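Notes for the one structure printed next.
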Amino acid sequence: MIRPIAVVLSLLLFTGSAAAGVTLQVWHWWTDKQPQFEKLAAEYERQTGVKVVFDASSPNQGVYYTKLQAAAIANVLPDMVGIAGGGEFLARYILAGKIADLTGEMNAGWKDRFFWPVLRDLYYPEGNGYGVAPGTFWGVPLSAQNMQIFYNRDLFIRAGLNPGDPPRTWPAFLDACRRLKSKGIVPFISGFGDLWMNEAFLVVYAWHYNGEEGIRETVTGSRSYKSDGWRNALMRVSDLAPFTARGVVGTPNKDAERAFCDGQAAMALNGSWAVNVYRQMNPRLNIGVMSFPADPASPHPLYLRGGVGAALAVSAGSAHKTESVKFLKWFTDRSQALDLVREGADIPSNREVLGEIDDPVLKQFAAGLKDLMPGIQMSDPGEVQTEISKTVQQILSGARSSSDIDALLTNIQSLKEKLVSQKSRAEGARLDPARLERRFTAGFWIVLAVILGAMAWKQGWTAGRLKDLGRDAARARHAYAFLAPALLIYLVFGLYPFIKTFLLSFYSWDGLSTSQTFVGWENYVNVMTDDPAFWTSMGHAAWIALAALLLQNGFALFLALIVDGGIRGKNIYKLILYIPPILSVIVVGLVWRWIFKGDETGLLNQMLSMSGLGHLASAWLGEPVLALASVIFVQCWQGFGNAFILFLAGLQTIPEELYEAASIDGARGWSRFWHITFPMLFPVLCIISILTILGTMQTFALVMAMTGGGPAGATEVPVTYIYNAAFEHFKFGYSTSMAVVLGILLMGLAFVQIQISKKAYTRQ
Amino acid sequence: MQYKIERWIRGAASHLLLWFVSAVCLFPLAWMLATSFKRLDEVSTSVATFWPEELRFENYVIALQQAEFGKYFLNSVLYTSLTVVGVLLFASMASFVFSKSVFPGSRTFFYFFIGSMMIPIPGAFIPLYVLLINLDLVNTPAGLILPYINSGLAFAIYLFKGFFDEIPNELLEAAELDGCSRWKVYRMIMMPLAKPILATVSIFTAMAIWNEYLLALVIVGGQKALYPLQVGIMKFQGVHLTDYPLLMAALVIATIPILVIYLLLQKFMIKGVTAGAIKG
């Protein structure tokens, strides 16, 4: 039934673009590079007749990876995919058999053209921590990057610092910060609102104080996070904290880049890619680049964080692997590499081209490639890295101070131990998943049969009754015909995926590999007993729901009463108040982020200082409590229109005679509202409450657009948490169990609501 | 006299409050519009000004000149309109029998639909995608529209049923006595009466579908020619550098249609919501 409809629809709509000859598909997310890619692709087609289609669908790496993962599971990856480097991410795809092995080609001379510290990121050596075959290559680097500290030469001069000799040691750096601050210049800004930026800063000092051996020991577990190396690294964060721009942990890197370009801060930690960004935003900006200031007391060298920038991997399922490799060889050739660098102001991965950079700032970055951290190809679970980043945010925001560092490190260490023990429990305790699964399935059917039996018994379904039912059903055939289309679509596209999801919640699955291991209730046990972060996110959603129920709906009711009272321009108000719900989340997120910006360019802060309330100016999205409050505000702002319309509709159903009768009895104002309006509105109130709870507890896109769950997880809500578990931490099975728990909770809440409203209704 | 003054003050205060709320509601729209006329360096300065230096339409020209922009626009129109039609048709048919027919399983099926509003989406994402692959529907419009219709059904059925419950049964019985078939009753009597609720459901559905992008990105993400506007607009956001005025111009273009739909249909909305959600 579905198929014919689908086929007809497809025939009607599908505008295929089948091309003759070989066409290679490439997915990536570097929207900035798309024009150059297209230019080079056209050149390649002219030379060889092979068409290469580059497709950048989203500039958001997370969203892009979601798309990639879905395509990987379904084995419909394009010929080549853009990746950000090796590590765990690529390893997952390799182990799931999604990526083609390039070892042979690389060893046959291809690798020689690349700068080794860059190519190294796509290489898995003997003893790598991910279980990838030792000594193998899996990707082709297009560009290189590393992160250093940009500084504004003009601001340095203004503070009496020598822009030709930026601070090289940590004490000197702090001195410089103090001088800048005393001149009223914000010393440091960076996109610490993005989690990875926090990790990027800390990791440099973690290596500086632990050394390569120490980092290896930490990952393998023989060194605890509660050790001097890590304590020292976090101390540097707390040293830096007082010199960062206000609300820096609520500032995504894009905003930080704009602020730096605008001369609002003297220094910014950023990657080599930013050279181009700064130049385009403000061509007059006088920038310098310095390495991280080192601590002379540390016995270890100071490494820079960096390596591969953009890279492409060939998909294992591609029908044109040879052509893809051929294209990539051409693409990374000297002249093409040069082209990419010239136009994109990028550091090339090609060694020969590296020497041809003439831009002094880029040169400094190219030189930095020599000091990169050694690639160790092992890492702690993503959750631990996320926790570390959040810890840095907490210290930077001032929510935690240097005296809390030991407690914070204990947190990180215990999270790691918990994850390790969960993993070993999962691997050790499950003796025979297959048997467990059979037992579970049998149990499931038995329970279902018992429930259905009990229901049938309670309804008095004897054979005769069933016959009656059958007769009724036959007589009401038309009803089923009317129901059929909706039911069919719901069964296929709604219920079936849901049941699949529900079943997945009993498995351990990374969301990519072909093996799904049955684990019984384990995921649920972990959700209920061992995942405080999930329940914290529930708490945040509960606050949002509560605020929406009381403030948003209360205010909506208040305005509905005013408008219903017959005010002039009623229709115009009605029209305008419903505008927010129809706006897309992209618009809402962009505009409100700008309003709530933490520095003096934020609109709200500007308005406060203009009205003499400058002392109230805050980093609205940069401080945990304020960020949650801001999210709540915008959620209510957008949801308010719905409640308003529903209340207004409800008010109009109250018969005028009731009010007339009441006014004869002398009821006015408050007592009129309390004795007539409110009881009459009660059913509406219940509906609005249910819809509000369902909407707010499942809020997702708005939080993603405004804060991404930050700072330090302060605005994490269940659905963002579930999304990240599934698509970032490769815990697909586990994430579905959280979705089920949330779903059950919502059903429970809705049920309670309905019961309350029924009770109240019958009492009336 | 005193009563009059009190009333006047109350009226003025009400208007003041409503003006303020209206301004807050309209602000993002206004800001988007204002920004779309600016130059990039105008938005990068520290003191943000609301008014652009001059009315510059070049951002719109650039946005519209992007080769695929028109195509994305048409795709969005297509997805939204077909989804709306599908939801209106299927939900009204189902609600018609939920409301006006007695048949075994009626209540069960109804709650079955309503329950689906409580399922958080991200979990069901991958299974849905795998299913679409098996049905050969990935990278086809149908593969997007059918799940879209599903996503709108539950709430629409809830609204329609509430509305139909208000229509007196006698009307239908009379028609049936005249020999009308069930289908004819649905088509000739129910549908013409259902205008307000049809408008309401149209607004709700169109709003959700027009602004959706995550599902679209995954399901038709492999076929550029099928991108809806919201996915197409992504490319106006750079990884590192975003041309905000250009992005805003694109967003204005993307917002106009849904705004127009809303303005055209909103006068039915109160009526539809009243009967659909409140009395039902």
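Throughout, read-outs are computed from the coordinates displayed, never taken from laboratory work. Not measured: the values here are computed from a predicted model. Glycine also receives a Cβ, built like all others from the backbone with ideal geometry; neighbour counts cover every protein chain displayed.
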**Prompt:** Can you list residues whose amide H is under 5 Å from A:A294's amide H, if they're 5+ apart or on another chain and H is modeled 1.01 Å from N?
**Reply:** A:T169, A:W170
**Asked** What whole number of Å gives the distance from the Cα centroid of the stretch A:394-459 to the Cα centroid of the stretch A:52-84?
**Response** 30 Å
**Fill in**
Scalar couplings 3J(HN,Hα) for the stretch A:250-257 by Karplus 6.51 cos²θ - 1.76 cosθ + 1.60 (θ = phi - 60°), nearest whole Hz, x for Gly and Pro, are x, 9, x, 4, 4, 6, 5, 4
**Complete:** The aspartates and glutamates whose Cα lies under 13 Å from the Cα of A:K51, excluding any fewer than 8 residues away in the same chain, are A:E38, A:E43, A:D79, A:E323
**Theoretical gain in end-to-end length, A:A108 to A:R435 [0.36 nm per residue, Cα-Cα removed]** = 112.9 nm
**Message:** Residue by residue through A:470-483, how many Cβ atoms from other chains fall within 10 Å of the Cβ on average?
**Reply:** 6
**Asked** What FRET efficiency, computed as 1/(1 + (r/R0)^6) with R0 = 51 Å and r the Cβ-Cβ distance, is obtained for B:V77 and A:D165, rounded to the nearest 0.05?
**Response** 0.25
**Fill in**
Two pseudo-spin positions, 7 Å from Cα along C-beta at A:D472 and at A:L550, lie apart in nanometres by 4.6 nm
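Given 4 °C and 1.567 mPa s, compute D for chain A with the Stokes-Einstein relation, Rh being the Kirkwood radius over Cα pairs; round to the nearest whole µm²/s.
43 µm²/s
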**Item:** Estimated vicinal HN-Hα couplings, Hz - the stretch A:596-603 in sequence order (Karplus 6.51, -1.76, 1.60; Gly, Pro = x)
**Value:** 8, 3, x, 8, 6, 8, x, 5
**Fill in**
Ranked output for segments B:268-274, A:432-438, A:608-614 by mean other Cβ atoms within 10 Å, highest leading, reads B:268-274, A:432-438, A:608-614
**Request:** With r as the distance between the Cβ atoms of A:F558 and A:S611 and R0 = 35 Å, compute the FRET efficiency 1/(1 + (r/R0)^6) and round to 0.05.
**Result:** 0.90
**Request:** Summarise the partner chain shielding of A:645-654 as one whole number: the mean count of Cβ atoms from other chains within 10 Å of each residue's Cβ.
**Result:** 5
**10 Å Cβ neighbours from other chains, averaged over peptide B:218-231** = 4
**Complete:** For A:L24, the residues 5 or more places away or on another chain with a placed amide H closer than 5 Å to its own amide H are A:K51, A:V52, A:V53
**Message:** Quick check on my link table: of A:K181/A:K597; A:K183/A:K363; A:K33/A:K363; A:K67/A:K98; A:K111/A:K370, which ones sit more than 25 Å apart, alpha carbon to alpha carbon?
**Reply:** A:K183/A:K363
**Cα gyration tensor category, rounded, prolate or oblate, for the stretch A:181-310 with a/c compared to 1.5** = prolate
**Item:** Size of charge dipole - the stretch A:295-353 - debye, nearest 20, with Cβ of Lys, Arg +1 and Asp, Glu -1, no other charges
**Value:** 220 debye
**Message:** Need one number: nm distance between label points at A:Y496 and A:T514, each 7 Å from Cα along Cα→Cβ, rounded to one decimal.
**Reply:** 2.3 nm
**Fill in**
Using alpha carbon centers only, the stretch B:1-38 is separated from the stretch B:241-280 by a whole-angstrom value of 20 Å
**Prompt:** Counting DSSP beta bridges in the protein assembly as shown, what percent are antiparallel, to the nearest 5?
**Reply:** 65 percent
**FRET E, pair B:E42, A:A297, Förster distance 51 Å, beta-carbon r, rounded to 0.05** = 0.60
**Complete:** Relative to chain B, whose Cα atoms define the longest principal axis, helix B:69-100 and its Cα axis are tilted in degrees, nearest 10, by 20 degrees
**Prompt:** Convex hull over the alpha-carbon atoms of the stretch B:70-135: what's its volume per residue in Å³?
**Reply:** 136 Å³
**Asked** Cα to Cα, under 17 Å, and not fewer than 8 places away if on the same chain: which lysines meet these conditions relative to A:K418?
**Response** A:K226, A:K731
**Item:** Lysine-lysine proximity count for chain B, Cα under 19 Å, sequence distance 8 or more or distinct chains
**Value:** 17
**Request:** Using Cα positions and a limit of under 18 Å, work out the aspartates and glutamates in reach of A:K458, with same-chain residues fewer than 8 apart set aside.
**Result:** A:D468
